[in-house]
Amino acid sequence: MPRILFRNATLACVDGDAGYGLRENAALLVDADRIEWLGSMASVPAFDDAEIVDCEGRLLTPGLIDCHTHLVYAGDRADEFEARLEGAGYAEIAARGGGIMSTVRATRAASEAELFAETLPRVRALLAEGVTTLEIKSGYGLDRDNEIKLLRVAEGIERELGVRVQKTFLGAHALPPEFSGRADDYIELVCQEMLPAAVAERLVDAVDVFIESIAFDLEQGRRVLDRARELGLPIKAHAEQLSHLGGAAMAAARGALSVDHLEHLAADEAAALAESGSVAVLLPGAFYVLRETRLPPLTALRQHAVPIAIATDANPGSSPLHSLLLTMNLACTLFALTPAEALRGVTINAARALGLGDLLGSLEVGKRADIVLWDVNQPAMLSYRLGINPCRRVLQGGRWRDEV
Ligand SMILES: [Zn+2]
């Protein structure tokens, strides 16, 4: 693999504790799949054998990371979108067997090949905007074989497209209809059979659970996360989205990589996240689609220096969103993140939410050469505009994506 030298670049390194880590008139050298050197144009050594890319002042950022998605599913929920606009609520739709259950039925009926074909264009939309790592959760199979089928599709996406995919087991996403009224029995199945089977197939990088009035209660969530820890797996939780059940603090106390949603997180719980090092993953797409009004406690998260990530939450119901750039704008506009926080939220803090912060997510010597060259010259442009994709070229693990 030849070395690549980016010259005359504007670097948003997102190193350090805050801000862009901006370096203007800078250069960066990639050697194989790692960042080998970076510094000012005035101090560039002669890297004689390197391929030269003159950036002409353009912006370089780390590859973008979408750290919370539900991209593998069959069908769509356009009818539900319509019903909501005719007045039905999210909880009401779920209570009458719509919502997640309609996707579960379609997903169970689909073959692995069909699921793969349906998922590809969703992933390609993300990649077109400079995404080099994404997380994909299971959670629409809700039995052993179907959950494994979803995780295999996620693995296939990584193989086919060369993007890094972190696979998260979310068997406790919703109660399948055959367990109606027997949520504890289903949790037992998740813990004793479904999760161990997926782990045995080497398909699980982390374990997630949906703790909410329309999903699982705090005790059921705790059982799943404790079982995951017994198996040596990192944990996450969907928590405090529609109500406050205490899932975020419970997961944080168990060392969760991230707790996600958090609109109903109490301000005094931010300290617990700071203490555990859990990343607060905010999902403005679901907030927007559901027309929620309660904002996550951003002031408290900032006060306690909790790392904040943002993600698409791409799913067929509450967030049919396949643009991380639009997600950045939504986070700024709806949650009042600064553009620098939004960029950190899709780079270094998203990497931390996946347990990959030492390897990815910033432009620093030794980190993986996942790098995006943008047709803009200042980082705020990425959050500021809607509907324009300035992604010019993507380096994934030191290789140009368009040459792979
Ligand atoms: Zn989600």
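The values are calculated or read from the model by the stated rules, or taken from the named source; none is laboratory data. Since the model is a prediction, treat every value here as computed from it, not as a measurement. Cβ: placed from backbone, ideal geometry, glycine included. Neighbour counts: every protein chain shown. Please note that ligands, DNA and RNA were not included when accessible areas were found on the heavy atoms of the full protein model with its side chains. Shrake-Rupley method; radii C 1.70, N 1.55, O 1.52, S 1.80 Å.
Taking Cα pairs under 8 Å and at least six residues apart, what relative contact order does segment 54-162 come out at, in percent?
Relative CO of segment 54-162 lands at 40 percent.
Using a 1.4 angstrom probe on the protein heavy atoms only, could you order W400, W37 from most to least accessible area? Mind showing how you got there, number by number?
Details: W400 10, W37 60 Å².
Ranked from most to least accessible, the order is W37, W400.
Between A113 and S180, what FRET efficiency follows from the Cβ-Cβ distance if R0 is 30 Å, with the result rounded to 0.05?
The value I calculate is 0.45.
Report the net charge of residues surrounding H238, where surrounding means a beta-carbon distance below 11 angstrom and charges are Lys +1, Arg +1, Asp -1, Glu -1.
Within the 11 Å Cβ shell, the charges total -3.
Which value in nm describes the separation of the simple spin-label points at A42 and A200, placed 7 Å from the Cα toward the beta carbon?
Computed distance between label sites A42 and A200 equals 6.4 nm.
Report the accessible area of M381, computed with a 1.4 Å probe over the heavy atoms of all protein chains in place, in Å² rounded to the nearest 10.
50
Determine, from the Cβ-Cβ distance of R229 and R294 and an R0 of 30 Å, the FRET efficiency 1/(1 + (r/R0)^6), rounded to the nearest 0.05.
Efficiency for this residue pair is about 0.50.
Which angle between 0 and 90 degrees, to the nearest 10, do you get for helix 144-161 versus the longest principal axis of the chain when only C-alpha atoms count?
10
On a full-extension model of 0.36 nm per residue, what is the gain between Q378 and A271, subtracting their alpha-carbon distance, rounded to one decimal in nm?
Length gained, Q378 through A271: 35.2 nm.
Straight-line reach from K149: which lysines fall under 22 Å, measuring Cα to Cα and dropping same-chain residues less than 8 apart?
K137, K167, K236
What accessible area per residue comes out for the chain, rounded to a whole number of Å², with a 1.4 Å probe?
Result: 38 Å² per residue.
What are the radius of gyration and Dmax of segment 1-112, computed over its Cα atoms and given in Å?
24.1, 67
Which value in nm describes the separation of the simple spin-label points at Q303 and S243, placed 7 Å from the Cα toward the beta carbon?
It works out to 2.7 nm between the two label points.
Viscosity 1.567 mPa s, temperature 4 °C: give me the Stokes-Einstein translational D for the chain in µm²/s, with Rh taken as the Kirkwood radius over C-alpha pairs. Numbers along the way, then the final one.
On the way: Rh = 21.3 Å.
Stokes-Einstein gives a translational diffusion coefficient of 61 µm²/s.
If you take every DSSP beta bridge whose two residues both sit in the chain, what share of them, in percent to the nearest 5, is antiparallel?
45
List the aspartates and glutamates whose alpha-carbon lies under 14 Å from that of K367, not counting same-chain residues fewer than 8 positions away?
List returned: D15, D31, D33, E36, D358.
Give me the dipole magnitude in Debye, nearest 20, for segment 71-154 about the Cα centre, with unit charges on the beta carbon: positive for Lys and Arg, negative for Asp and Glu.
The dipole of segment 71-154 has a size of about 220 debye.
So how much slack lies between D49 and Q192, counting 0.36 nm per residue of separation and subtracting their Cα-Cα distance, in nm? Walk me through the numbers before you get to the answer.
Values: separation 143, 0.36 × 143 = 51.48 nm, distance 5.53 nm.
Contour length minus Cα-Cα distance gives 45.9 nm.
Within segment 248-268, what residues put their amide N at less than 19 Å from the label point 7 Å along the Cα-to-Cβ vector of E219?
Answer for segment 248-268: 248-251.
At a threshold of 8 angstrom on Cα-Cα distance, excluding pairs fewer than six apart, so keeping six or more, what relative contact order does segment 253-323 reach in percent?
Reported as a whole number, the value is 35 percent.
How many percent of the accessible area of segment 1-87 is carbon or sulfur, using a 1.4 Å probe?
45
Ignoring ligands, DNA and RNA, please state the percent of accessible area on segment 255-356 from carbon and sulfur, probe 1.4 Å.
54
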